[in-house]
Amino acid sequence: MKKTIMKWTLLLVCMVVAMPAMAQFNVKALKGAAKAVKAVTLTDAQMTEYVKEYIDWMDTHNQVCADDNEYAIRLKKLTDGLTDVEGIPLNFKVYYVIDVNAFACADGSVRVFSSLMDIMTDEELLGVIGHEVGHVAHKDSKNGFRTALLTSALKDGISSQGGTAAKLTDSQLGDLGEALVNSTYSQKQERSADDYGYEFLKSHGKNPWAMALSFQKLKKLQEEAGAQKSSKLNQLFSTHPDLDARIKRMEERATSEGIEKPAAESFFEIILLNNCFFL
């Protein structure tokens, strides 16, 4: 049985899906303190190779939902027609993991975690996806990846073979994954990505209030994580700060544009959203 992350209702148990139990998002534990970036030259071609190597490694080391899985079907329906952004081709997959998150790589690879899908409506989830696509469009993902790469996997410098980037070891890829998980975007970058997600929703005929509502759900998760200092949720929120300010900003923008806030989810809708039933 798969338990939902959120405690939205009393005595709810999620229905079993035809998949093994979910694992935790797989990244290697970070060792030691922050490492200085060495002065190296990293070409766009080498960056492309490293991004592909990393996302292939992530797809191998995390359980990817099959095309006929309910999560994959839902995501495909939501992202139908989303083929590229700023000339960068997009591709989407679901990781069947217990962590609540989503991320996008510089090559347009967007990965959504099943437990995030469990707590979000379609519009809220599309807003989160729009936010991540915004980071790709604004080159935040590319710059963040480069920094993480140079401070972790390539901390000792870059080697190449005829101009081709040398393959990374499993250890280096694990270090890179942890560096990316712990990386942060600036407040300006986050605001810009929030605005992108907001406009993304409007351009797809969806209510942009979903941005604020998705942040509210994440805020509730943060509160439930409470004092669990080592909690994966607290780790997530430490790299995505100022939720209150971001919620207020999205609410004020929607209100100023005269857009009506959708009705709160009913108890029955929450049950359906989480594929749950009473004991």
> Out of all the residues in the stretch 41-61, which are at pLDDT below 85 and surrounded by 14 or more Cβ atoms within 10 Å (Cβ to Cβ)?
Replying inline: LEU42
>> Give me the residue from the stretch 156-176 that is surrounded by 16 or more Cβ atoms within 10 Å (Cβ to Cβ) and over 16 Å from ALA104 (Cβ atoms) and, out of that set, modelled with the lowest pLDDT.
In response: ILE158
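Here is a yes/no grid of residues against (1) aromatic (Phe, Trp, Tyr); (2) closer than 20 Å to TYR198 by Cβ; (3) touching a residue at least 12 places away in the same chain (Cβ under 8 Å):
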{"site": "THR60", "(1), (2), (3)": "no, no, no"}
{"site": "THR83", "(1), (2), (3)": "no, no, no"}
{"site": "PRO89", "(1), (2), (3)": "no, no, yes"}
{"site": "TYR95", "(1), (2), (3)": "yes, no, yes"}
{"site": "CYS105", "(1), (2), (3)": "no, no, yes"}
{"site": "MET120", "(1), (2), (3)": "no, yes, yes"}
> Which condition does GLU86 not pass, out of (1) surrounded by fewer than 19 Cβ atoms within 10 Å (Cβ to Cβ); (2) at pLDDT 95 or above, if it passes all the others?
Replying inline: (2)
>> Condition check: of a type outside the set (Gly, Ala, Ser), buried (at least 17 other Cβ atoms within 10 Å of the Cβ), modelled with pLDDT of 95 or more and out of contact with any Pro (no Cβ under 6 Å at 6 or more places or on another chain). Does VAL100 satisfy that?
In response: no
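Yes or no: LYS202 basic (Lys, Arg) and within 27 Å of ASN143 (Cβ to Cβ)? It would help to see each step written out before you state the result.
Working: basic (Lys, Arg): yes; within 27 Å of ASN143 (Cβ to Cβ): yes.
Yes; evaluated as a whole, the condition is true for this residue.
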> What number of residues within the stretch 59-99 satisfy the criterion of being part of a loop (DSSP other than H, G, I, E, B), farther than 13 Å from SER114 by Cβ and not β-branched (Val, Ile, Thr)?
Replying inline: 8
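The values are calculated or read from the model by the stated rules, or taken from the named source; none is laboratory data. Owing to the predicted nature of the structure, the values given are computational and were not obtained by experimental measurement. Every residue, glycine among them, receives a Cβ derived from its backbone with ideal geometry; neighbour counts consider all protein chains shown.
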